[in-house]
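Everything on this sheet refers to the single structure shown next.
Each value in this text was obtained by applying a stated rule to the coordinates, not by laboratory testing. On a predicted model such as this, the values are computed, not experimentally measured, just so you know. Glycine also receives a Cβ, built like all others from the backbone with ideal geometry; neighbour counts cover every protein chain displayed.
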Amino acid sequence: MRLRRKRLLIRAVRKSTELTSVQDHTRAIARDDILLVCTMRNEQIRLPFFLQYYRDMGIGHFLFVDNGSDDGSVDYLRGMKDVSIWQTNASYRRAGFGVDWMNYLKRKYAHGHWVLVADPDEFFVYPFSDTRPIRALTDWLDNSEIRSFGAMLIDVYPKGRIDAEPYQAGQDPLEIAHWFDSGNYTITRNQKYTNLWIQGGPRSRGFFPDEPEKAPALNKIPLVKWDRRYAYVSSTHMLLPRGLNRVYEEGGGEKASGVLLHAKFLDTFGAKAAEELQRSEHYAASVEYKAYADRLKDDPQLWCKWSERYINWRQLEILGLMSKGNWA
């Protein structure tokens with residue numbers, strides 16, 4: 001595993017040559033800033049609310065990798081003092097699905113910082129997030145000598161057709177997509193990396209009903225007190241050293257955890273799925289996007305009679321999808 005981690009770090013440095021700095025405000029990063037790292041492509045419509053959501057949470061600086069956007073995403077971010085941008089037209093797949101680029105930026109700029117990794121359609125929710133800034137969480141994690149924090153990805157979706165209500169820039173996507181699956185999840189343990197592997201939810205039943213084992217993984221470790229010796233292995237599903245993956249309690253009781261509300265299913269989804277299928281830059285020859293394209297022809301509706309309307313983090317804790325652990 002040490003050799004594996006060393007190779008990942010070497011590969012990240014090599015892949016850094018694919019990144020071109022567009023806007024570098026990293027000198028403005030304060031010693032105690034909490035950082036957010038994001039890889040994106042053609043997400044301009046989502047950026048206004050995404051930035052507002054995480055600024056309100058307490059993120060101090062954003063590090064974006066733009067993978068060849070042509071919708072004005074980079075121009076929209078230009079001039080923002082808390083944003084640094086790198087751009088590349090290189091293969092997302094050959095960069096470990098963006099992991100190499102992120103590992104490099106975190107190694108160079110995030111050592112000693114708490115770092116959150118989130119896509120433009122992911123919204124981090126943690127215990128007391130409606131009343132406490134993210135620094136309250138990271139201070140508690142520091143005091144508890146915890147270096148990583150787990151979050152389950154929960155897909156949210158509208159009732160009815162996915163494209164029925166147009167999404168507007170700056171709008172909270174949860175105004176449209178506010179339903180989720182409260183159950184229908186499977187959990188196994190990855191023996192090699194010691195992390196949990198979670199699958200299920202609406203993407204499994206809606207797009208992989210006959211092959212649920214091919215459904216996307218929902219386990220994430222998005223928040224880490226970064227050290228330049230660390231490396232993500234596969235998206236934010238698992239890291240090295242392996243101890244960072246133990247974000248669950250093995251001896252009974254519960255360990256604090258959060259969720260990432262995944263607002264993929266808006267009216268923009270069809271065009272996005274078609275673009276990504278054509279690019280074929282995603283995992284397993286874009287099998288996920290092939291499934292999306294096939295099922296979108298039938299106008300699938302993800303809402304069902306077991307769907308739950310999202311209220312707040314306390315609801316998710318009651319349902320067993322996250323936990324405040326011993327954080328009071």
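Return the calculated 222 nm mean residue ellipticity for the chain, to the nearest 500 deg cm²/dmol, obtained by summing -39500 (n - 2.57) across DSSP H runs with n ≥ 4 and dividing by the residue count.
The helix contribution divided over the chain gives -8000 deg cm²/dmol.
Read phi for every residue in the range 215-221 and hand back ³J(HN,Hα) as whole Hz from Karplus 6.51 cos²θ - 1.76 cosθ + 1.60, θ = phi - 60°, with x for Gly and Pro.
Running phi through 6.51 cos²θ - 1.76 cosθ + 1.60 with θ = phi - 60° gives 5, x, 6, 10, 7, 9, 10 Hz.
Please compute, over every Cα-Cα pair in the range 2-318, the percentage with a separation greater than 31 angstrom.
Above the 31 Å cut-off, the range 2-318 has 27 percent of its Cα pairs.
Amide H neighbours of residue 231 under 5 Å, counting only residues 5+ apart in sequence or on other chains, H built in-plane at 1.01 Å?
240
Does the range 26-67 classify as rounded, prolate or oblate by the C-alpha gyration tensor (a ≥ b ≥ c root eigenvalues; a/c under 1.5 gives rounded; else a/b over b/c gives prolate, otherwise oblate)?
Verdict is oblate for the range 26-67.
Let's test the formula: R0 of 35 Å, r as the Cβ-Cβ distance of residue 319 and residue 56. What FRET efficiency results, to the nearest 0.05?
Taking R0 as 35 Å, the efficiency between residue 319 and residue 56 is 0.90.
From the Cα gyration tensor of the range 48-91, with a ≥ b ≥ c the square roots of its eigenvalues, which class applies: rounded if a/c is under 1.5, or else prolate if a/b is larger than b/c, or else oblate?
prolate
For the range 1-142, divide the Cα radius of gyration by the Kirkwood radius and give the resulting Rg/Rh value with two decimals.
0.96
Towards the positive end of the charge dipole of the range 2-318, with charges on Cβ (+1 Lys, Arg; -1 Asp, Glu), say which of 150, 30, 13 has the farthest Cα.
The residue sitting farthest along the positive end of the dipole is 13.
Rounded to whole Hz and in sequence order, give me ³J(HN,Hα) for the range 36-41 from the Karplus expression 6.51 cos²θ - 1.76 cosθ + 1.60, θ = phi - 60°, writing x for Gly and Pro.
Whole-Hz 3J(HN,Hα) from phi for the range 36-41: 10, 10, 9, 9, 9, 8.
Quick one: grab the alpha carbon gyration tensor of the range 236-281, order the square roots of its eigenvalues as a ≥ b ≥ c, and give me rounded if a/c is under 1.5, else prolate or oblate depending on whether a/b is larger than b/c.
Cα axes put the range 236-281 in the oblate bin.
Have a look at the DSSP beta bridges in the chain and tell me what percent are antiparallel, nearest 5.
Of those bridges, close to 60 percent are antiparallel.
Under a point-charge model restricted to the Cβ atoms of Lys and Arg (+1) and Asp and Glu (-1), what is the dipole moment magnitude of the chain relative to its Cα centre, in debye to the nearest 20?
With Lys and Arg at +1 and Asp and Glu at -1, about 1660 debye.
Where the only charges are on Cβ atoms (+1 Lys, Arg; -1 Asp, Glu), what is the dipole of the range 169-306 about its Cα centre, to the nearest 20 debye?
For this selection, approximately 620 debye.
Among the helices of the chain (complete DSSP H runs), which have Cα atoms covering no less than 18 Å along the helix axis and a Kyte-Doolittle mean of at least -1.0?
Once both thresholds are applied, what remains is 2-15, 283-296.
Apply the Karplus parameterisation 6.51 cos²θ - 1.76 cosθ + 1.60, with θ equal to phi minus 60°, to every residue of the range 61-70 and state each ³J(HN,Hα) to the nearest whole Hz, in sequence, with x for glycine and proline.
7, 10, 10, 9, 10, 9, 9, x, 5, 10
Using the scaling law 2.2 N^0.38 Å as the reference, what is the normalised Cα Rg of the range 185-295?
1.20
Which whole-number percent gives the relative contact order of the range 2-318, counting Cα pairs below 8 Å spaced six or more residues apart?
23 percent
Could you tell me the relative contact order of the range 1-75? Use alpha-carbon pairs under 8 Å, at least six residues apart, and round to a whole percent.
Result for the range 1-75 is 36 percent.
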